[in-house]
1. Scan the chain and hand back the longest stretch that contains none of the GluC sites (Glu not before Pro) lying in DSSP loops with at most 12 other Cβ atoms within 10 Å.
2. Pull out the extension gain between SER26 and ALA122, defined as 0.36 nm times the separation in residues minus the alpha carbon to alpha carbon distance; nm, one decimal.
3. For Rg/Rh (Cα atoms, Kirkwood Rh), the choices are (i) 0.95; (ii) 1.03; (iii) 0.98; which was calculated from the structure?
4. Return the FRET efficiency for the residue pair GLU72, ALA115: r is the Cβ-Cβ distance, R0 is 41 Å, and the value is rounded to the nearest 0.05.
5. Once neighbouring chains are kept in place and the probe is 1.4 Å, which whole percent of the accessible area of the range 49-88 is contributed by carbon and sulfur?
6. Send over a whole-number figure in Å² for the accessible area per residue of the chain, probe 1.4 Å.
7. Provide the gained length on full extension for the span ALA154 to ASN166, in nm with one decimal, where the gain is 0.36 nm per separating residue minus the Cα-Cα distance.
8. State, to one decimal in nm, how far the label point of THR91 lies from the label point of LEU216, with both points 7 Å from Cα in the Cβ direction.
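The values are calculated or read from the model by the stated rules, or taken from the named source; none is laboratory data. All values reported here derive from a predicted model rather than from experimental measurement. Positions of Cβ are generated from backbone atoms using ideal geometry, with glycine treated the same way; all protein chains shown enter the neighbour counts. The area values use the complete protein model at the heavy-atom level, side chains included, leaving out ligands, DNA and RNA. Shrake-Rupley method; radii C 1.70, N 1.55, O 1.52, S 1.80 Å.
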Amino acid sequence: DVDPSRGGSASSIAAVARRTEVVLLSLPDSTVVDPVVRELAETVEPGRVVVDLSTSSPASTVDLHELLAAREVAFLDAGISGGAAGAEAGTLTVMVGGSEGALERVRPILATFSARIEHMGASGAGHTTKVINNFLNGVSLAATAEAMVAARKAGLDVHRVLDVLNSSTGVNFATLNRFPSIVDGDYLEGGLTGNLMLKDLRLYVELVGRLGVRSLNAQGPVRSFELADELGYGEQISNRVVDAIGDASGGIRLQTKED
């Protein structure tokens, strides 16, 4: 067991449940979150709050919310966005689903690493918002990677192309925040891996399928990150998708020996 006021580690999930008022989870996906929460539910005391900061399946989130509600434990789905740099700077955005009262209880904790905390609605709303956000993130990254490989293969100066894009209608998060570093060989290591991005994109496909929304734009980024995994980049930062597309396009790199 651990005294949470003094820090340290706990010997088990049960020890965490017994000794803490608020449990924060940050795990790879729902296949991990689900068994952890179910184990927590066996020992966590009424009145506690469990916050899932992972990018999880909204459907699974609602099931876990109902499980914990039956034990008088609040469960908040709190998707976070802003990347590793945002986490270090304390500027993340948190999108929360679940009880507003429970959110107010944990807001001071979330505020230690976040600049914006938005209550999005009932259970599942936070993770739904995060999945939609990550879909657009994946679209912009994969599409910009492809466009920059095309620019390099066409013989264009990729620095100049990027400058033009960032003052034109093609501007997006990837052109503004990723590729100014990538074109100089800095892949901004430490962020989301390609396979985690692929997981998030598949969650979006699952979500829109359940909602009955026709998706015409998901398969491009899904296939891009599947390609990255096939070519050995899956466990590297998702920005390496540009190298996967470059490999499949004749061995193109945005950086050359002359750069």
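1. The reported range is 73-188.
2. Net length gain for the segment: 32.5 nm.
3. Step by step, Rg/Rh (Cα atoms, Kirkwood Rh) for this structure corresponds to label (ii).
4. Given R0 = 41 Å and the Cβ-Cβ separation, E is 0.80.
5. Here carbon and sulfur together make up 52 percent of the probe-accessible area.
6. Using a 1.4 Å probe on heavy atoms only, each residue of the chain averages 49 Å².
7. That pair, ALA154 and ASN166, stretches by 2.4 nm at full extension.
8. Calculated label separation equals 3.6 nm.
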